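The values are calculated or read from the model by the stated rules, or taken from the named source; none is laboratory data. All values reported here derive from a predicted model rather than from experimental measurement. No Cβ is skipped: glycine too gets one built from the backbone with ideal geometry, and neighbour counts run over all protein chains shown. In case anyone asks, the SASA skips ligands and DNA or RNA and just uses the protein heavy atoms, side chains included. Shrake-Rupley method; radii C 1.70, N 1.55, O 1.52, S 1.80 Å.
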Protein chains: 4
Amino acid sequence: MKHRFTNDYSSLCHPNILNALANLKDEQNVTYGLDKHSLRAEQLIKDVFESPNGQVYFISGGTMCNLLFISYALRPYEAVISLETGHINVHETGAIEGTGHHIITVKGNNGKMYPSDILNVLKTYNNEHMVKPRLVYISDSTEIGTIYTREELINLNKVCQKNDLIFYIDGARLGSALTSKENDVEPGLFGNVCDAFYVGGEKNGLMIGEALVINNRDLQKDFRYHIKNRGAMISKGYILGAIFEEAFKDGLYFDIAKQTNDVADYLKEQLINNGINIKPSPTNQVFASLKKKDAQLLIDNYGLELWEENEQEIVVRFVVSFTTKKEDVDELMAFIKNNI
Amino acid sequence: MKHRFTNDYSSLCHPNILNALANLKDEQNVTYGLDKHSLRAEQLIKDVFESPNGQVYFISGGTMCNLLFISYALRPYEAVISLETGHINVHETGAIEGTGHHIITVKGNNGKMYPSDILNVLKTYNNEHMVKPRLVYISDSTEIGTIYTREELINLNKVCQKNDLIFYIDGARLGSALTSKENDVEPGLFGNVCDAFYVGGEKNGLMIGEALVINNRDLQKDFRYHIKNRGAMISKGYILGAIFEEAFKDGLYFDIAKQTNDVADYLKEQLINNGINIKPSPTNQVFASLKKKDAQLLIDNYGLELWEENEQEIVVRFVVSFTTKKEDVDELMAFIKNNI
Amino acid sequence: MKHRFTNDYSSLCHPNILNALANLKDEQNVTYGLDKHSLRAEQLIKDVFESPNGQVYFISGGTMCNLLFISYALRPYEAVISLETGHINVHETGAIEGTGHHIITVKGNNGKMYPSDILNVLKTYNNEHMVKPRLVYISDSTEIGTIYTREELINLNKVCQKNDLIFYIDGARLGSALTSKENDVEPGLFGNVCDAFYVGGEKNGLMIGEALVINNRDLQKDFRYHIKNRGAMISKGYILGAIFEEAFKDGLYFDIAKQTNDVADYLKEQLINNGINIKPSPTNQVFASLKKKDAQLLIDNYGLELWEENEQEIVVRFVVSFTTKKEDVDELMAFIKNNI
Amino acid sequence: MKHRFTNDYSSLCHPNILNALANLKDEQNVTYGLDKHSLRAEQLIKDVFESPNGQVYFISGGTMCNLLFISYALRPYEAVISLETGHINVHETGAIEGTGHHIITVKGNNGKMYPSDILNVLKTYNNEHMVKPRLVYISDSTEIGTIYTREELINLNKVCQKNDLIFYIDGARLGSALTSKENDVEPGLFGNVCDAFYVGGEKNGLMIGEALVINNRDLQKDFRYHIKNRGAMISKGYILGAIFEEAFKDGLYFDIAKQTNDVADYLKEQLINNGINIKPSPTNQVFASLKKKDAQLLIDNYGLELWEENEQEIVVRFVVSFTTKKEDVDELMAFIKNNI
């Protein structure tokens, strides 16, 4: 069976994660995330991301993290600023609006938002007949696999601070961003540069769960009530606790991401060597421009996602997962050489 | 005191409306809109707009009409298709999202939406990770004072029918649309071409209230429960009933709109004669392009709204109201001649 | 035609109110409640109720006042404490839950809530799997026409302060409470004893509108955005402004309430004199216990509301309105003497 | 370490479930619940519960099942009928109200609801100023461990059918109900007696996940959109699919429940033999009445939940889990003999 490059969550988890779960089997744990594993995992994450006053909540799914934090942070008439391509704007079936909030979209550049985007919004949305912009939402790595530099994040933080905006970062693929060859950001910046962010587990080999970190103490009160109210409190919270404990006790989280990025870099190199046009992306998503016929062949054989289609080209997405091996890339390249 | 051209709801109401209210003073009426005035007004509106199976609800405010109907018609994951400039998208402080629904925006042309806009949305929004497009929202007259032709409305209806979309028309300035010199639509088309629409009263000299008409019988059940649940049921519903009874028993509604359009046409003529560049708009909103200094002078003296500003021009909006007289236009023009 | 005792909002308004409206007819006013009438009315109300730092919003309908303030004041997981018979709990079609909030009900006594009711709730609702009690809702006068004493209100305020609870009073019939013969509360207490309250206009002869007063400065920020977001911002806000300006500039509000109470007292006296058993109620709602046959006769002829029915008795409600005259009571009593 | 009797979800899962997960480790599966394991598990569940036209959704958590189905099934002004003690009413932090719906509570008897409870509600809630009762919510086994008989369920179904009410059963502990010695209900009744129900996994040894079964075809359309909109669509749905496939392919689900009930029956027997007063409960929750001092001792040593406290008695809850062994009961009984 061919390895598929559809996404990074079609495989269960790294073996160590499964072992960590197996180790729970004779325990009786406190429930709802107040167990020893969750508490230790919380501390490990606060240490790595330098958020000593932060609180960490283990949540099932990135959409739920976004929904929970944004609906907690905003008053009814307040809005989110997001890129047009933002995950919350196009791929979450209206979950944010479902909690009552408008999303103001901006175009950005290269998958990233810039202070000027925010300032333009603030200029336009200036009276009570319009929603009140209040929270900036970005993803890192971005929807198209690019990453923010240290300076870019700090600049976004500044404009937020100055304009009383909440800054929230969707880290569904944060591991990939932080272990990219082009990365210049220390994990510790995340505990300081934003009000909240989440550390994606499900797309980084962790079986299930994301770690939502709220740095801002003013946005922590009664958050567990909020989780329960939205139906997202997990009775066996110790499962997610044990997973994240395993992921962060010895750096496994970053090891997985690093290895995945290495294979992705290898894929990019091979694609270029074979004359295939790829978009710049320093993480584990690889976007290639192909002729229609060739694109379809790869979609059929390797489960690629059709990303964009216009008269000139078809862009497909290869996602390298923690289970993708160099051999899988080699097999793919042989197929490409023979068929394209 | 100079007459101001800010909007069409800064003056109370046509004198006949005030008389109709005064006539209520010795009555004890059934409450919550089940009184004889409301019932008669409902029948008059059903007759004029040819909606024999329709139901009519008298509501305070256009935002509330939109909020009520859209939140009733849609399931949580369903979305509205609106122009980017749609009133619900930019001037209602997120009221639609406040009830849980995403708004998908399209660009349209000349303030109007076309079937191709809708079909493009349907092509893009095609899976369960995205909201489900389900309701088409337009305004007639539009936000920039243009009006839909009979053929355009029928074409929108066809594409909605074919694709199981609900078609809803915001008629905040419906009177102005239907009495425009360029209009080719009979009022009766509104009872047949859409699932629901509202007949704007507040911008057409009626003191208070809009008449929401639901043509589609499948969207009427328990609607009064919904009104109450949203806090919008008016205890003294007979007030709105008496207002709309007066407006529709002898055609006053259209008389007011017609006279207002006439004054607006006179204004357009005078502006053109004085070399001022205006946008095509066959209704009571008049958009003129001016130099920055001149625009500011008129804003300060006549309360004009600054509509759009770019490097090339400033567009200001004059709104002719039911209280605007030709003499008021003449006074304005004299000011313009002397100062611009 | 017989005068009906169904409720206190089936008649339009006091003649002075109509005159105040008529006086607007040649004005062009600023819209959305920022006009001179609204501003003056706000100041008058702040003076009367001694809320110098308060903000006043003119709203259409009591359900909307409740919905607006409660949904603004609470976070998603926070709940209201209300009597079982509270208007929000039984007569508003789930409007509060519609904004996301649970209502915790208590039994109270004689239509009133007491500190012990609140303390019991706080004892029970003590963890994050339950809603968090956060706002105390009472009505004055109450659903059964009783009124709170000065001491009772102060005691409720104390328990709220001590337990970080928001205290909100529904004053749909506040005029009747404050002008009752049994009343010992100065209007000025309302600016000091609670976080917010509303002054009912529609049940006190004011045509349309209620005045929501938010005393607590921490609960005022961006409230106008909230009103608009819920669809409740009235474009012609000057109508409500002019009504409340008229009602409070010379004490008309209390004059109407006082006169209504006087007629209600006369009715109670007459009923007692005729051997009819009435419940103690010092305001304009009068509850009488009757035999089934007699109750039905009065319901049919005078529009009384059937309040409660059990095997022993039927309780009907007479409501005295600002238009009810002593002659109407006499006519009713003659009917009773002849038929019961 | 002593075995704790706090609840039935403090232990990870049955060993076979862990094996089933381990077997996924080399697979790449389709995501979002459309994988082969989920599809097979769905068919197995439809077969066991005789719901050939049903649809099955695997969800994380019972609160989420309740929230999802109820918010999908109801229009904004419609309400749930639940026992006062219903899980949704007291232990879900207002999750149902959070989606906009009022809960009407009834007292019931012995933890169960009866047709007369429902009919009384329908009689009271009869106009548009009140919420519209539309969905009946019960739990089986109930909050106090009792179970519904076949006849009781059929009678509830009849009253729902007759009054256009949706009937929904919370089966958090359905396994325990269906394998109780007192049970007279076949699993297949659940596919026929209600519109929807969920089969609890997390309290029956299945690690994570519940299976929501919607029998009524009119309540299935676009349900996956709804799941995503509420943030509850699990990216690695194949995890839950594999768990439920394992649980239902050879009857493991019922084996676990049966064995747990057997140990619970042994506990009840032993408690009675030792003179401890227990409430009748034929499932795995055991409620005992104790003196204050004794209750506290057991709470401290065995993690019992304090269920109810009044002047006469303290009721504590023992929950027997799938990991509880007869030896654990013996150890507990020895402690009781020595200390109480």
Could you tell me whether A:HIS14 is in contact with a strand residue (DSSP E or B) (Cβ under 8 Å, 6 or more places away or on another chain), open to solvent by 40 Å² or more (accessible area, probe 1.4 Å) and either of a type outside the set (Val, Ile, Thr) or within 14 Å of chain B (Cβ to nearest Cβ) (or both)? yes
Among C:HIS102, C:HIS91, which is over 23 Å from C:ASN192 (Cβ atoms), within 11 Å of chain D (Cβ to nearest Cβ) and out of contact with any strand residue (DSSP E or B) (no Cβ under 6 Å at 6 or more places or on another chain)? C:HIS91
Verdict on B:ILE208 being within 17 Å of B:PHE322 (Cβ to Cβ), at the interface with another protein chain (Cβ under 10 Å from one of its Cβ atoms) and in contact with a Ser or Thr (Cβ under 8 Å, 6 or more places away or on another chain): yes
Subset of region C:298-313 [part of a helix (DSSP H, G or I) and open to solvent by less than 20 Å² (accessible area, probe 1.4 Å)]: C:LEU298, C:TYR302
For region A:211-235 the number of residues that are open to solvent by 20 Å² or more (accessible area, probe 1.4 Å), within 14 Å of chain D (Cβ to nearest Cβ), out of contact with any Asp or Glu (no Cβ under 9 Å at 6 or more places or on another chain) and outside any loop (DSSP other than H, G, I, E, B) is 0
Suppose we keep only residues that are crowded, with 21+ Cβ neighbours inside 10 Å and not in a helix (DSSP H, G or I) within region C:28-38. Which one would you say is farthest from the other protein chains (Cβ to nearest Cβ)? C:GLY33
Within region D:91-123, work out how many residues are open to solvent by 30 Å² or more (accessible area, probe 1.4 Å) and not basic (Lys, Arg). 10
Selection status of A:PRO76, open to solvent by 10 Å² or more (accessible area, probe 1.4 Å), under 25 Å from D:GLY100 (Cα atoms) and part of a loop (DSSP other than H, G, I, E, B): yes
Any hit, region C:3-10, residues being at the interface with chain B (Cβ under 7 Å from one of its Cβ atoms), open to solvent by 40 Å² or more (accessible area, probe 1.4 Å) and modelled with pLDDT of 95 or more: yes
Condition broken by C:ASN204, with the remaining ones in (1) out of contact with any strand residue (DSSP E or B) (no Cβ under 9 Å at 6 or more places or on another chain); (2) closer than 27 Å to B:LYS228 by Cα; (3) open to solvent by 20 Å² or more (accessible area, probe 1.4 Å) satisfied: (3)
In region A:139-174, which residues are open to solvent by less than 10 Å² (accessible area, probe 1.4 Å) and assigned to a helix (DSSP H, G or I)? A:LEU153, A:LEU156, A:CYS160, A:LEU174
Tell me the residue from C:TYR168, C:TYR137, C:TYR125, C:TYR148 that is touching a Pro at 6+ places or on another chain (Cβ under 7 Å), at pLDDT 95 or above and not aliphatic (A, V, I, L, M), please. C:TYR125
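Quick one: is B:LYS25 closer than 25 Å to D:HIS129 by Cβ, of a type in the set (Lys, Arg) and open to solvent by 10 Å² or more (accessible area, probe 1.4 Å)?
When the stated conditions are applied, B:LYS25 does not pass them.
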If a residue must be in contact with a Phe, Trp or Tyr (Cβ under 6 Å, 6 or more places away or on another chain) and farther than 14 Å from A:LEU83 by Cα, how many such residues does region A:132-156 contain? 1
Kindly evaluate B:ALA177 against the criterion of being surrounded by 24 or more Cβ atoms within 10 Å (Cβ to Cβ) and assigned to a loop (DSSP other than H, G, I, E, B). no
Please find, within region D:242-297, the residue that is surrounded by the fewest Cβ atoms within 10 Å (Cβ to Cβ) out of those that are of a type in the set (Gly, Ala, Ser) and part of a loop (DSSP other than H, G, I, E, B). D:GLY275
Would you please name the residue that is farthest from the other protein chains (Cβ to nearest Cβ), looking only at residues in region A:59-72 that are in a helix (DSSP H, G or I) and open to solvent by 10 Å² or more (accessible area, probe 1.4 Å)? A:GLY62
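Does any residue of region B:278-294 turn out to be under 30 Å from B:LEU39 (Cβ atoms) and of a type in the set (Lys, Arg)?
No, every residue in region B:278-294 fails to be under 30 Å from B:LEU39 (Cβ atoms) and of a type in the set (Lys, Arg).
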Check whether at least one residue in region D:39-54 is part of a helix (DSSP H, G or I), facing another protein chain (nearest Cβ under 8 Å) and either within 16 Å of the chain's Cα centre (by Cα) or modelled with pLDDT of 95 or more (or both), and report yes or no. no
Pair list, Cβ < 7 Å and 6+ apart or interchain, from region A:156-182 residues that are over 19 Å from A:SER116 (Cβ atoms) to residues that are aromatic (Phe, Trp, Tyr) and open to solvent by 20 Å² or more (accessible area, probe 1.4 Å): A:GLY175/A:PHE254; A:LEU178/A:PHE254; A:THR179/A:PHE254
Of all residues being within 14 Å of another protein chain (Cβ to nearest Cβ) and hydroxyl-bearing (Ser, Thr, Tyr) in region D:124-138, which is most open to solvent (accessible area, probe 1.4 Å)? Just the residue, please. D:THR124
Residue satisfying condition, being polar (S, T, N, Q), modelled with pLDDT of 95 or more and touching a Pro at 6+ places or on another chain (Cβ under 8 Å), within set C:ASN229, C:ASN284, C:ASN192: C:ASN229
Before we move on, is B:LEU44 open to solvent by less than 40 Å² (accessible area, probe 1.4 Å) and more than 22 Å from B:ALA196 (Cβ to Cβ)? no
Assess whether D:ASN183 counts as being assigned to a helix (DSSP H, G or I) and open to solvent by 10 Å² or more (accessible area, probe 1.4 Å). no
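So which residues in region D:228-272 are of a type in the set (Lys, Arg) and within 30 Å of A:GLY61 (Cβ to Cβ)?
Of everything in region D:228-272, those that are of a type in the set (Lys, Arg) and within 30 Å of A:GLY61 (Cβ to Cβ) turn out to be D:LYS228, D:ARG230, D:LYS236, D:LYS249.
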